[in-house]
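The values are calculated or read from the model by the stated rules, or taken from the named source; none is laboratory data. Model, not experiment: these values are computed from the prediction. As a convention, Cβ positions derive from the backbone with ideal geometry for all residues, glycine included, and neighbour counts pool all protein chains shown. Remember, those area values only see protein heavy atoms, side chains included, never the ligands or the DNA or RNA. Shrake-Rupley method; radii C 1.70, N 1.55, O 1.52, S 1.80 Å.
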Amino acid sequence: MLEKIEAQFAALSKAEQKVARQILAAPQTAMHSSIATLAGVAGVSEPTVNRFCHRLGTRGFPDFKLQLAQSLVKSSSWVSRGVEDDDSVEDYSHKIFDSALAGLQRVRDQLNSTQLQQAVTLLAQADKLAFFGLGASAVVAHDAFTKFLRFNLPVIWSDDIVIQRMSCINSRAGDVFVLISHTGRTKNMVELARLARVNGSTVIAITSPDSPLAHEAAIALVLDVPEDTDVYLPMVSRLAQLTVIDVLATGFTLERGAPFRENLKRVKEALKASRYEKNTIREESDQQKN
């Protein structure tokens, strides 16, 4: 990104050049700045900063900061983009949070609402649901399983590839498989999609755009998160997947209507017995202090 700014500097307007100079002089500071802060320091307006970002081929200021962070990666590349060996706890914690916020906003702005609605409708009409993933994505699939298990619908989950294969082989029309893979290049996941489709089941993929898994799915909810999990620990991509699961669960609840939400309320009420009441915890704590 810094090389791109230098290469295009002469073609920028005078106001945009002020933004470029500020970023080139202090890229780390720019990466952690808000658009208002950067505009103020550079002596330009916020729309000028946005125009500058679009001129550099990004989708806006959050996307620009994300790509800037990627270009600043140094010796700690196996940990996370932008994190350096000499970072303090404040430095690397801010970088992780900034990257997460920018990544989630990027995904939110790019998600196709039509495909989301189609996915929600398919989930709401399904006879049985299955959530599968491997590695870090298996954790996301398990989170989806625990959410949808509260609904009055058969739901399965497993991180065992043999059980996943058997589930797909024994599937039927009316079953919906949600397959989660950031790269979309995991051979086992692509094979699961093919096995489920042979039996007439519906496959919804939560994955990267133009990936083999996206092409095998009936509906692909693509998350364009520039995080290479072949190199870095899965961070922003996992958060994006979890958030999409929350969106699907919310849509499912609304799609099923008020009678269904009454059933969900009964489940919630039944779980209350497994927890201490808030007032009880406070009273016990006060008694211990006394």
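Observations on the structure shown:
- As a summary of the residue check, residue 195 satisfies the conditions (1) open to solvent by less than 60 Å² (accessible area, probe 1.4 Å); (2) touching a Leu at 6+ places or on another chain (Cβ under 9 Å) except for the one numbered (2).
- Conditions (1) among the hydrophobic types (A, V, I, L, M, F, W, C); (2) farther than 16 Å from residue 240 by Cα; (3) part of a helix (DSSP H, G or I): number failed by residue 176: (3)
- Filter result for residue 138 (surrounded by 16 or more Cβ atoms within 10 Å (Cβ to Cβ) and small (Gly, Ala, Ser)): yes
- Looking only at region 99-129, residues that are open to solvent by 20 Å² or more (accessible area, probe 1.4 Å), at pLDDT 95 or above and not in a helix (DSSP H, G or I) come to 2 in all.
- Residue that is farthest from residue 249 (Cα to Cα), among those in region 147-173 that are assigned to a loop (DSSP other than H, G, I, E, B) and open to solvent by less than 40 Å² (accessible area, probe 1.4 Å): 171
- Helices (runs of 4 or more DSSP H) fully within region 1-69 that include at least 2 residues being among the polar types (S, T, N, Q): 14-25, 27-31, 46-55.
- Test result for residue 6, open to solvent by 50 Å² or more (accessible area, probe 1.4 Å) and among the acidic types (Asp, Glu): yes
- Boolean, residue 202 is at pLDDT below 95 and either open to solvent by less than 60 Å² (accessible area, probe 1.4 Å) or not β-branched (Val, Ile, Thr) (or both): no
- The residues of region 173-195 that are under 11 Å from residue 207 (Cβ atoms), of a type outside the set (Gly, Ala, Ser) and in contact with a strand residue (DSSP E or B) (Cβ under 8 Å, 6 or more places away or on another chain), listed by number, are 178, 179, 180, 182, 183, 189.
- Pairs, first open to solvent by 30 Å² or more (accessible area, probe 1.4 Å) in region 26-38, second at pLDDT 90 or above and in a helix (DSSP H, G or I), C-beta under 8 Å, six or more apart: 35/46; 35/49; 35/50; 35/61; 36/46
- You will find that of 214, 144, the residue that is touching a Gly at 6+ places or on another chain (Cβ under 8 Å), surrounded by 15 or more Cβ atoms within 10 Å (Cβ to Cβ) and touching a residue at least 24 places away in the same chain (Cβ under 8 Å) is 214 and no other.
- Exclusive hit being hydrophobic (A, V, I, L, M, F, W, C), under 17 Å from residue 236 (Cβ atoms) and either open to solvent by 40 Å² or more (accessible area, probe 1.4 Å) or modelled with pLDDT of 90 or more (or both), set 89, 44, 73: 73
- Residue pairs whose Cβ atoms lie under 7 Å apart, sitting 6 or more positions apart in sequence or on different chains, and linking a residue in region 234-262 that is over 23 Å from residue 130 (Cβ atoms) and open to solvent by 50 Å² or more (accessible area, probe 1.4 Å) to a partner that is polar (S, T, N, Q) and at pLDDT below 85, do not occur here.
- Condition met for residue 221 (touching a Lys or Arg at 6+ places or on another chain (Cβ under 9 Å) and either farther than 29 Å from residue 92 by Cβ or in a loop (DSSP other than H, G, I, E, B) (or both)): no
- Of all residues in region 245-270, those that are aromatic (Phe, Trp, Tyr) and either over 16 Å from residue 126 (Cβ atoms) or not in a helix (DSSP H, G or I) (or both) total 0.
- Within region 1-42, the set of residues being among the acidic types (Asp, Glu) and within 30 Å of the chain's Cα centre (by Cα) comprises just one member, 3.
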